[in-house]
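The values are calculated or read from the model by the stated rules, or taken from the named source; none is laboratory data. Just so we're clear, the structure is a prediction, and the values are computed from it rather than from any experiment. As a convention, Cβ positions derive from the backbone with ideal geometry for all residues, glycine included, and neighbour counts pool all protein chains shown. We work out accessible area using only protein heavy atoms, side chains counted, and drop any ligands, DNA or RNA first. Shrake-Rupley method; radii C 1.70, N 1.55, O 1.52, S 1.80 Å.
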Amino acid sequence: MPQTSTNDTLTGVLERIKYSNDEDGYLIADLRPEKATETVVIVGKFPGVQCGETLRIQGNWTRHPAHGAQFKGTRFESKLPASIYGIRKYLGSGLVKGVSKGIADRIVKHFGKDTLRIISEESARLQEVGGIGKQRARSIKVAWDEQSHIRDLSLFLAPYGVNPTQILKIYKEFGFVAVDLIKENPFKLARSIKGIGFKTCDRIGINMGIGNDSAQRVDAGIEFVMQELQDEGHTAFPERDLANAAAEKLEIDQDIARTGLERVLENKLLKRFVHNDDTAYSQLPYNFTAEENIAASVKRLIDSDSGLPPIKRDLAVAWAQEKAGFEFGDLQKVAIDKALANKVSILTGGPGTGKTTILRAVVAILKAKKARVLLAAPTGRAAQRLSETTRAFGQTIHRLLKFDPAEGSFTVNENKPLNADVIIVDEASMLDTRLASSLFQAIPTKAHFILVGDIDQLPSVGAGNVLKDLIHSKRIPVTRLDVVFRQTKYSSIVHYAHAINQGQVSLPTPVNDARELVKNKDFQFVAASDQEDCATKTLDVFRVFVRETLNLDPINDAQALAPMHKGGAGVGNLNEILQENLNRSQESMPFRYLKFKPGDKIIQTRNSYDKGVFNGDIGIIESIDGANGTVEVDFDGLSVSYEKADLLDLKLAYAISIHKSQGSEYPVVVIPILKAHFMMLQRNLIYTAITRGKKKVVIIGDPAAYAMAAKNSDSKQRCTLLKERLTLA
């Protein structure tokens, strides 16, 4: 076997995949060369390949100091297996739904080298194999066709760096005509598939003969730039800045970009809003409409009479106070009065300032008056907390508005509004523009609408800044609570949260090891020198402090919240470490791009209305059916089944981003903070993380990084037009 670097070609059957990276297709695997009895190790980027396939690889022989000779591939071609051995391995790999290893062996034994042709062209003959009936034969054929289309798509897109996860997303979006649609207009990918950038589409476009200055490319590019800005939280952008950004992104002349922008506006791919200072803004159509709908709904509610029965508010507040058994603060009394007196009102304040007391009092008064009250929050956990707070039924906004998957819209809307006298929405800082639009339109004209939230937290994950825009418009009565009732002796979490919100750098004395953390303190700091040290000590906190000292379940009762996804102390790496050490299950998915095991903590990353689970929902994997590629997940008592393609919506959740934690609380929160996170170290980010801790908060990292976050109040401003529209309404 060659051990020096030489240009060479290697052909053989892919025997076993040792390691794969789903993001870039990098692979370490065993290949059995033609007419050889032993395997060789291949390394390189081989996206989409499966065990049993025949690979023809161009590359070089190299020698790894620890692992010996390896063939490093630079280019490759893939063919379906032709040998009985390869066919059996390919078919039994779990690739085709409904075909287990045992069934694969029986099929190949019966049809031999003709197996794949039989499945593709004469699938009814599969019934000749014992144990395969008409229905199973049909399902195997459907699964085979789907996998064949995915394979063709992978071979077409692999040269452009499109990874296996993205391939599945593309297939799910476009189906079996995906290749034809992409050839027709490669920029569809940039519009439809998150994570595929414009450069990838451009490379495909060049091969399709699409010119750099072509209207097709420029128009799609401008829309794509606007979508990127939306992903950063903007619902609008000044047209001059948008044209400049597009010119830079597309590497075209600014005049061409400006001409393209006018064309895009004329074709209604974007819409224009002219500010009262004559600045023109562009918006994606649904953001334009959503902001208009919110402003119109607020005006409709404010301008109409209340449907509540007469309430003597001063007596009602006194009654609620007596029922509660303690004296309300002055601002708490004002907030209760405003909620009862005004059609729309806002209550904002940090932890420990009495929002719970106010909500409980308002609900008690309204129930005593036989008013119909609906309670909702953006996430399931926030809705559950709202129920516990008010001792009344709470639900998610999505369930409140009753989404119909078949129609792709909410069934509760402006034409069929909610049946209520008062609607209370908690965690309103999480409302993005599009969800807020649907919610506001569904509020009955005579109903009262109370929004509750903490504007010092992070803004919504989706585009917009709804709660802040509503407050700054000065169209709606606002009560801002600033007196802390939960005193420091009861909660140092509250103390430190308010300290960081005021830019104060105060910390408990750092310890050097998880074994030094004590049970009776609820806010502690473990010093870590770098990302590797931080990751190691994060694991120690879960294993030693949470499991041994606190006697809690480190998977269900503790949550790591990281500022960033990448890096040694980022979400990705922490999930790998925590999964490996906290979940000892040996069973796993048979597909190399899915690393799940029974007992894993996972998070839903996309709203799935048909399943009833939403972006940010956290669950535990109950079971895995390797033969069919399905997974059962428990979301707080709701059991949800996932097919293979839907599994792309799930990610490990031992560690999640601080953004994803909004609206949730956890018994124990573990937060890595290092200078390496400097891009994300902002006051509202760390404030949000700290306030997720219900009983214990442990910071792991560098005190100087914590100080950077506390002092940095310059969170990135979002460009929105809701405040302007509210002012004009």
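Given their separation in residues at 0.36 nm each and the Cα-Cα distance between them, Ser387 and Asn60 gain 111.4 nm when the chain is fully extended. Ligands, DNA and RNA aside, Asp469 has an accessible area near 20 Å² when probed at 1.4 Å.
Compactness ratio for region 189-347: Cα radius of gyration over 2.2 N^0.38 Å (N = residue count) comes to 1.65. In this structure Met708 has an accessible area near 80 Å², from a 1.4 Å probe over the protein heavy atoms. Restricting region 349-415 to GluC sites (Glu not before Pro) that sit in a DSSP loop and have at most 12 other Cβ atoms within 10 Å of their own Cβ leaves Glu407. Surface composition of the chain: carbon plus sulfur atoms hold 48% of the accessible area, using a 1.4 angstrom probe and ignoring ligands, DNA and RNA.
When the Cα centres of region 435-489 and region 228-292 are compared, how far apart do they sit, in Å? Here the two parts' Cα centres lie 28 Å apart. Let a ≥ b ≥ c be the square roots of the eigenvalues of the Cα gyration tensor of region 324-445; is it rounded (a/c under 1.5), or, if not, prolate (a/b larger than b/c) or oblate? Since a/c reaches 1.5 and a/b is larger than b/c, the shape of region 324-445 is classed as prolate.
Using a 1.4 Å probe, what is the accessible area per residue for region 208-342, in Å²?
Accessible surface, normalised per residue, equals 51 Å².
Just the number, please: percent antiparallel of the DSSP beta bridges in the chain, rounded to the nearest 5.
60 percent
Each Lys and Arg Cβ is given +1 and each Asp and Glu Cβ -1; about its Cα centre, the chain then shows a dipole of about 1420 debye. Ordered from highest to lowest accessible area with the whole protein assembly present and a 1.4 Å probe, Arg136, Arg515 read as Arg515, Arg136.
Each Lys and Arg adds +1 at its Cβ and each Asp and Glu adds -1 at its Cβ; summed about the Cα centre, region 113-211 shows a dipole of about 280 debye. Round to the nearest 0.05 the FRET efficiency obtained for Asp330 and Asp305 when R0 = 25 Å and r is the Cβ-Cβ distance. In this case the efficiency is close to 0.30. Once R0 is set to 35 Å, what does the formula 1/(1 + (r/R0)^6) return for the Cβ-Cβ distance between Glu580 and Ala406, expressed as a FRET efficiency to the nearest 0.05? Here the calculated transfer efficiency is 0.25. Working out 0.36 nm times the residue gap between Glu414 and Lys323, then minus their Cα-Cα distance, what length gain in nm do you get to one decimal? Full extension from Glu414 to Lys323 adds 29.1 nm.
With both labels modelled 7 Å from their Cα along Cα-to-Cβ, the Ala341 to Arg399 distance reads 3.5 nm. Once the Cβ-Cβ distance of Asn21 and Ile84 is raised to the sixth power relative to R0 = 30 Å, the FRET efficiency obtained is 0.45. Using a simple spin-label model with pseudo-atoms 7 Å out from Cα toward Cβ, Asp314 and Lys45 lie 7.4 nm apart.
Test of understanding: what is the full-extension gain from Arg75 to Met208, defined as 0.36 nm times their sequence separation minus their Cα-Cα distance? Numbers along the way, then the final one.
Details: separation 133, 0.36 × 133 = 47.88 nm, distance 2.13 nm.
Length gained between Arg75 and Met208: 45.8 nm.
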